[in-house]
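The values are calculated or read from the model by the stated rules, or taken from the named source; none is laboratory data. The shown structure was predicted, so the numbers you read here are calculated from the model rather than taken from an experiment. Cβ sites come from the backbone with ideal geometry, for glycine too, and all protein chains shown count toward neighbours.
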Ligand SMILES: [Zn+2]
């Protein structure tokens, strides 16, 4: 946000920042825990500049600045309800996904349900994360365990036999 725009909006921003803070409870880790409703993924929502957005993204905009296109706002504290701007940082969608996997929060790392079939649900996004993990030095065995698939699937992905199309998913966190 430019200085001039900020000056004109300053009062509104300060009022809006307070509206954000009023909806949080601080905890011993310094997290500002959202005390409003959260969606099924555990994220709060906040109405900002005429639209509803994720509360942690709104906090980033209010306290840190604009979020570049296609960037995600990630949590250092691994607490989705937290909107403390100093606990937030920007990352690409792929970085968000790798971060999620490393913290054990991927969908495939949750308990299986009866519709789950081994090795059938690697998406292109998963494939991109798999390649990044492999380049980062994780073994095929480790990655296979993270994704709950066979080692041959991981090898196929890394050798480019499958899932070679780049990620084009527009969802943002
Ligand atoms: Zn936090």
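I'd like to check something: does segment 42-63 contain any residue that is surrounded by fewer than 16 Cβ atoms within 10 Å (Cβ to Cβ) and under 30 Å from residue 122 (Cα atoms)? Quick ask: steps written out before the conclusion?
At the first step, the residues of segment 42-63 found to be surrounded by fewer than 16 Cβ atoms within 10 Å (Cβ to Cβ) are 42, 47, 49-52.
Still in the list and also under 30 Å from residue 122 (Cα atoms): 42.
Within segment 42-63, one or more residues are surrounded by fewer than 16 Cβ atoms within 10 Å (Cβ to Cβ) and under 30 Å from residue 122 (Cα atoms).
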Fill in: Selection count where residues are in contact (Cβ under 8 Å) with a residue 24 or more places away in the chain, within 14 Å of the ligand (Cβ to nearest atom) and in a loop (DSSP other than H, G, I, E, B), scope segment 22-63
5
Response to the item:
Checked against (1) assigned to a helix (DSSP H, G or I); (2) surrounded by 12 or more Cβ atoms within 10 Å (Cβ to Cβ); (3) at pLDDT below 90, residue 7 satisfies every condition except (2)
